[in-house]
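The values are calculated or read from the model by the stated rules, or taken from the named source; none is laboratory data. Predicted model, so just to flag it, every value in this text is computed and none were measured. Every residue, glycine as well, gets a Cβ built from its backbone with ideal geometry; the counts of neighbours run over all protein chains shown.
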Amino acid sequence: MSTLPSASIDPVKLDRLAEVAVKIGLRLQAGQDLFLTAPVAALPLVRKIAEHAYKAGAGLVTPILSDEEITLSRFRYSSDAGFDRAPSWLYEGVGKAFANNTARLAIVGDNPMLLSGEDPAKVARANKANSIAYQPALEKIAGFDINWNIIAYPSASWARQMFPGEDEAAAVKKLADAIFAASRVDRDDPVAAWEAHNAALGKRTAWLNGQRFASLHYSGPGTDLTLGLADDHEWQGGASMAKNGIVCNPNIPTEEVFTTPHARRVSGRVSSTKPLSYQGTLIDEISVRFEEGRIVEAKATKGEAVLAQVLETDDGARRLGEVALVPHSSPISQSGLLFFNTLFDENAACHIALGQCYSKCFLDGANLTPEQVAEKGGNKSLIHIDWMIGSDKIDIDGIKPDGSRVPVFRKGEWA
Ligand code: ZN
Ligand code: ZN
């Protein structure tokens, strides 16, 4: 494998992406350490990030790289008992690093279908073991203790999945251009472009927070859903402040404004509008019915068995942990591409997530205990899986505590 950037990846834009990750995504502070994970194929970007991080005064940059071939070796040759193992010692260390104010960067770029040919039961066991072991670190990410950021690298294996008809160089170029445009590094001054984008998202969240809706009502093809919002919920979008006081942009790209639904106040039916790529399986045409916040019926035309397994993870896996609004006219939606990756696909449409909530999406969220979050309706689970329910046919009303309704979305756009 070559670790040089592919000739079809524009080196200027790749350098800008690294700069945006450090200056906007993380807003890395002088003296702060950085822990980062990436596929080995993304090494050209990892090197650029290390360069920008040290120029910004980073203390120590510690990368951990993963490799698709090594992952496949595990699934082909590991003993059966090995699928219940995960490196908890590593995640405990990562949790300690976060407790010491280390920033976190994740670069995504793996082939989203890497495990599609492997035994789904083994994939599920490996994921569950990993989720459990990862808990000490995930808590600090979900609780927004430190500044963190996810960005994407246009790896060849991902590009081949998205553009199967193209030769590799052309596919990588298309994916690279799509990532660069969505991440706003196709502009001359991407840092300024991000500041303007953050201001626009901030206006939406301020309006929603002023409305104090008790619930949202969704209607559209296959959807008639009343989604209660958590007590004292707070809408967020774009840049926000981590508990360590650093204002960062966790996701690049991002087009969503989002908050916490009430885990016990969701009722009705909702249908997915895009396929969900989950650990190498496509789950398509999902339709679920909620009663008192809990999924009591779940169907899918593809991947139904995997969906059923996901819902069995724990009690919180059947309940919602996030609701997000994204207009149908968002640039990622308009690209018409399915990335098979949540970081991109969730920014193409309104979505909801099964599982763990973000405690930062509450008024004074930084000071709430897990028990207070649960009392206000925040959900708890080992999983957090976003799936798309938005389209140009969806209408959303906000419902106030007195029952009055305010149009929020009409035909997929802000009303
Ligand atoms: Zn989201
Ligand atoms: Zn989410």
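Per-structure values
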read-out: Sole exception among (1) in a helix (DSSP H, G or I); (2) under 24 Å from Tyr358 (Cβ atoms); (3) touching a Phe, Trp or Tyr at 6+ places or on another chain (Cβ under 7 Å); (4) of a type in the set (A, V, I, L, M, F, W, C) for Leu307, by number; value: (3)
read-out: Pick from the range 239-274, criterion within 18 Å of Glu195 (Cβ to Cβ) and of a type in the set (Ser, Thr, Tyr), ranking: nearest to ligand 2 (Cβ to nearest atom); value: Thr254
read-out: Checklist (1) away from ligand 1 (no atom under 16 Å from the Cβ); (2) over 30 Å from Ala129 (Cα atoms); (3) buried (at least 21 other Cβ atoms within 10 Å of the Cβ) applied to Val373, failing item; value: (2)
read-out: Every residue from the range 312-360 that is within 20 Å of Ala142 (Cβ to Cβ), among the hydrophobic types (A, V, I, L, M, F, W, C) and more than 14 Å from ligand 1 (Cβ to nearest atom); value: Ala317
read-out: Strands (runs of 3 or more DSSP E) within the range 1-115 that include 3 or more residues buried (at least 20 other Cβ atoms within 10 Å of the Cβ); value: 34-39, 103-108
read-out: Residues (within 22 Å of the chain's Cα centre (by Cα), within 21 Å of Glu292 (Cβ to Cβ) and not in a loop (DSSP other than H, G, I, E, B)) located in the range 369-383; value: Val373, Ala374
read-out: Qualifying positions in the range 134-189 - over 17 Å from Pro39 (Cβ atoms) and among the basic types (Lys, Arg); value: Lys140, Lys173, Lys174, Arg184, Arg187
read-out: Subset of the range 45-75 [touching a residue at least 60 places away in the same chain (Cβ under 8 Å) and farther than 17 Å from Gly25 by Cα]; value: Glu68
read-out: In the range 54-91, the residues that are of a type outside the set (D, E, K, R) and farther than 21 Å from Leu115 by Cβ; value: Tyr54, Ala56, Gly57, Ala58, Gly59, Leu60, Val61, Thr62, Pro63, Ser88, Trp89
read-out: Residue match in the range 334-342 (condition: at pLDDT below 95 and within 14 Å of ligand 2 (Cβ to nearest atom)); value: yes
read-out: Spans of strands (runs of 3 or more DSSP E) in the range 174-276 with at least 1 residues among the charged types (D, E, K, R); value: 223-229, 261-271
read-out: Pick from the range 379-395, criterion of a type in the set (Gly, Ala, Ser) and within 14 Å of ligand 2 (Cβ to nearest atom), ranking: nearest to Phe339 (Cα to Cα); value: Gly390
read-out: Where Gln334 falls short, out of the listed (1) within 27 Å of Lys274 (Cβ to Cβ); (2) surrounded by fewer than 19 Cβ atoms within 10 Å (Cβ to Cβ); (3) in contact (Cβ under 8 Å) with a residue 24 or more places away in the chain; value: (3)
read-out: Unique match (being under 21 Å from the mean Cα position of the chain (by Cα) and either more than 16 Å from ligand 1 (Cβ to nearest atom) or surrounded by 22 or more Cβ atoms within 10 Å (Cβ to Cβ) (or both)) among Ala206, Ala230, Ala300, Ala214; value: Ala230
read-out: Positions within the range 76-121 being free of Cβ contacts under 8 Å to residues at least 60 places away in the same chain and among the acidic types (Asp, Glu), in sequence order; value: Asp80, Asp84, Glu92, Asp119
read-out: Residues satisfying the stated conditions in the range 345-368, i.e. more than 10 Å from ligand 2 (Cβ to nearest atom) and either closer than 16 Å to Pro327 by Cβ or in a helix (DSSP H, G or I) (or both); value: Asp345, Asn347, Ala348, Ala349, Cys350, Ser359, Lys360, Cys361, Gly365, Ala366, Asn367
read-out: Pick from the range 304-325, criterion hydrophobic (A, V, I, L, M, F, W, C) and under 14 Å from Trp387 (Cβ atoms), ranking: nearest to ligand 2 (Cβ to nearest atom); value: Ala324
